[in-house]
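Following: one structure in structure tokens, then a few remarks.
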Amino acid sequence: MTSSTQRFSVGLTGGIGSGKTTVANLLGELGAALVDTDAIAHQLTAPGGLAIAAIAQQFGAEFIDARGAMDRARMRNHVFGNPLARHRLEAILHPLIGSETISAAERADGHYLVFVVPLLVESGNWVGRTSRILVVDCDEEIQVARVMARNGLARHEVEAIMAAQASRAARLAVADDVVENNGSAAQLIPHVQALHASYLALARQAAIQL
Ligand code: ADP
């Protein structure tokens, strides 16, 4: 098998509720290998996760709950307005997210790789590391409505999350490909199928050039 750095890969991003997971799952059903960086980050602080020992050592055992997971509410309170603590936590998590993402990509089996990275633009180190960047885009009003329905949040809570994320324009500025998701789920399918066909062709070309 070729290494993840050589295989054709797509970095998939979009604002909260834009439809990243929906598009990723459709690509996965068509044969792409998915690597979900949010799930990887979550596993690191779940019971028995790779970051637990370092968190207990650096922050104290009181940050680990009875199940052996990081106490998220306690950590959120602790790092809120405390940039030093936030940096210490990130210094534990970011290298582990990086190494676990690489090993997940090496294990992943599919026609090409799709890295699902909600904060791709914000994290700054993804651009240039995948063959293409795919942005799922939709009108902000639709985004708000979808997240209110999915997460049971109030409008102002969704708007606060969106305000903390990169702007729509900043995401579109790094996009090689854009899937517009303003219509129905059924309308999304032919767009994703066309995209998949173009990625398959590019993946074959990349494999020939190796
Ligand atoms: P993200 O992963 O970007 O947060 P999701 O794919 O989870 O977004 O989509 C957000 C919510 O909107 C989910 O509940 C999903 O089922 C729904 N959704 C996504 N695309 C559409 C669509 N085109 N029509 C209707 N609902 C959609």
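The values are calculated or read from the model by the stated rules, or taken from the named source; none is laboratory data. Predicted model only: the values in this text are computed from it and were never measured. As a convention, Cβ positions derive from the backbone with ideal geometry for all residues, glycine included, and neighbour counts pool all protein chains shown.
What the table shows:
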read-out: Residues (near the ligand (Cβ under 10 Å from one of its atoms) and under 21 Å from G124 (Cβ atoms)) located in segment 1-35; value: L12, T13, G14, G15, I16, S18, K20
read-out: Residue selected from segment 160-174 under the condition in a helix (DSSP H, G or I) and surrounded by 15 or more Cβ atoms within 10 Å (Cβ to Cβ), by the criterion farthest from the ligand (Cβ to nearest atom); value: V174
read-out: Residue that is surrounded by the most Cβ atoms within 10 Å (Cβ to Cβ) [pool: residues in segment 175-192 that are under 21 Å from the mean Cα position of the chain (by Cα) and in a helix (DSSP H, G or I)]; value: V192
read-out: Filtered residues of segment 167-210 (kept if of a type in the set (V, I, T) and in contact with a Leu (Cβ under 7 Å, 6 or more places away or on another chain)); value: V178, V179, I189, V192
read-out: Among the residues listed as V121, V144, V116, V158, the single one being at pLDDT 95 or above and closer than 21 Å to S9 by Cα; value: V116
read-out: From Q43, Q57, residue being surrounded by 13 or more Cβ atoms within 10 Å (Cβ to Cβ) and either outside any helix (DSSP H, G or I) or away from the ligand (no atom under 16 Å from the Cβ) (or both); value: Q43
read-out: Residue list for segment 115-143, restricted to those being crowded, with 21+ Cβ neighbours inside 10 Å, among the aliphatic types (A, V, I, L, M) and within 13 Å of the ligand (Cβ to nearest atom); value: V116, V117, L120, L134, V135, V136
read-out: Members of segment 69-109 that are in contact (Cβ under 8 Å) with a residue 24 or more places away in the chain and surrounded by fewer than 11 Cβ atoms within 10 Å (Cβ to Cβ); value: D109
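Let's see how each residue does on (1) within 19 Å of the chain's Cα centre (by Cα); (2) among the aliphatic types (A, V, I, L, M):
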{"site": "V135", "(1), (2)": "yes, yes"}
{"site": "V147", "(1), (2)": "yes, yes"}
{"site": "G152", "(1), (2)": "no, no"}
{"site": "E157", "(1), (2)": "no, no"}
{"site": "M162", "(1), (2)": "yes, yes"}
{"site": "Q165", "(1), (2)": "yes, no"}
{"site": "A169", "(1), (2)": "yes, yes"}
